[in-house]
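Readers should treat all values here as calculations from the given coordinates under stated rules, not as data from a laboratory. Nothing here was measured: the structure is a model prediction, and the numbers come from that model. Neighbour counts are summed over all protein chains in view; Cβ atoms, including those assigned to glycine, are modelled from backbone coordinates with ideal geometry.
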Amino acid sequence: MAKYKVWGNFTGAVSITIEADSEDEAFDKAYAEFQGIGSFVGNGGIDKLIGVYEDNESIDADGAEVHWNEAEKVEE
C-alpha cells in the first residue's frame, strides 16, 4: 500500500485587541498592527503548531472543518 501526503485547508479565526476611537479606526489598526500567523516548534516538529506573535493577538481553530484538496504519493 502506498503512502500519500494529503493537504487541506480550514477557516480559523484570529483576533487582536486594540484601542481605537471608531470601528473604522479599529479595522485600520488591526490591518496595520497584526503580526501574522507563524509556525512554531513543538509536538515533534516545526509543522505541528501555529500561533500568533503578540500578547494582544489570538488564533482559534477549534472545531474547524477541514477540506482536503491535494494529495501526493510519497512512498510506494
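Within region 34-48, residues that are aliphatic (A, V, I, L, M) have Cβ atoms under 8 Å from residues that are in a strand (DSSP E or B) in these pairs: Ile37/Val14; Ile37/Ile50; Ile37/Gly51; Ile37/Val52; Ile37/Ile59; Val41/Leu49; Ile46/Ser39; Ile46/Phe40, counting only partners at least 6 apart in sequence or on another chain.
Scanning region 1-31 for residues being part of a helix (DSSP H, G or I) and within 18 Å of the chain's Cα centre (by Cα) gives a total of 2.
Residues in region 3-31 that are surrounded by 10 or more Cβ atoms within 10 Å (Cβ to Cβ), without any contact (Cβ under 8 Å) to a residue 40 or more places away in the chain and of a type in the set (Phe, Trp, Tyr): Phe27 alone.
Pairs under 8 Å by beta carbon, first residue surrounded by fewer than 10 Cβ atoms within 10 Å (Cβ to Cβ) in region 50-72, partner part of a strand (DSSP E or B) and basic (Lys, Arg), six or more apart or different chains? Between residues of region 50-72 that are surrounded by fewer than 10 Cβ atoms within 10 Å (Cβ to Cβ) and residues that are part of a strand (DSSP E or B) and basic (Lys, Arg), the close pairs are Glu72/Lys5.
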